[in-house]
């Protein structure tokens, strides 16, 4: 898998179940933060170079953790291609949508 899989059967672990559930939350949290950063850069700059650099940075930073989708459309495609479990599709999309809305609110308040 291209993202951290908390249900990896090959991983031997004595950690409690809530630690494994935290891995799911980490995936959603980094998608939220990555989308928020990316959308904020779009809103604040409007500069194509800055937007491309922000997207590249976000994908490099969160890609190893959650796949670096940063867009609900990408998450839907990855789920339909079988690279993202369908159980994760709605939480990923919700995290990305809320990340974008948070960036919009921050931009409106502090710009």
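Evaluate the following for residue 44: is it surrounded by 13 or more Cβ atoms within 10 Å (Cβ to Cβ) and modelled with pLDDT of 95 or more? Criteria met by residue 44. The residues of region 94-111 that are farther than 20 Å from residue 54 by Cα and within 12 Å of the chain's Cα centre (by Cα) amount to a single one, 94.
To keep it simple, each residue is scored yes or no on (1) in a helix (DSSP H, G or I); (2) at pLDDT 85 or above; (3) surrounded by fewer than 13 Cβ atoms within 10 Å (Cβ to Cβ).
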position	(1), (2), (3)
13	no, no, yes
21	yes, no, yes
24	yes, no, no
27	yes, yes, no
51	yes, yes, no
60	yes, yes, yes
70	no, yes, no
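Of the residues that make up region 87-104, is at least one touching a residue at least 60 places away in the same chain (Cβ under 8 Å), in a loop (DSSP other than H, G, I, E, B) and farther than 16 Å from residue 43 by Cα? Looking through region 87-104, none of the residues is touching a residue at least 60 places away in the same chain (Cβ under 8 Å), in a loop (DSSP other than H, G, I, E, B) and farther than 16 Å from residue 43 by Cα.
Does any residue of region 74-83 turn out to be part of a helix (DSSP H, G or I), at pLDDT 95 or above, within 12 Å of the chain's Cα centre (by Cα) and farther than 11 Å from residue 32 by Cα? Within region 74-83, one or more residues are part of a helix (DSSP H, G or I), at pLDDT 95 or above, within 12 Å of the chain's Cα centre (by Cα) and farther than 11 Å from residue 32 by Cα.
The values are calculated or read from the model by the stated rules, or taken from the named source; none is laboratory data. Quick caveat: nothing in here was measured; it's all calculated off a predicted structure. Because the Cβ atoms are built from the backbone with ideal geometry, glycine has one as well, and the counts that use them run over all protein chains shown.
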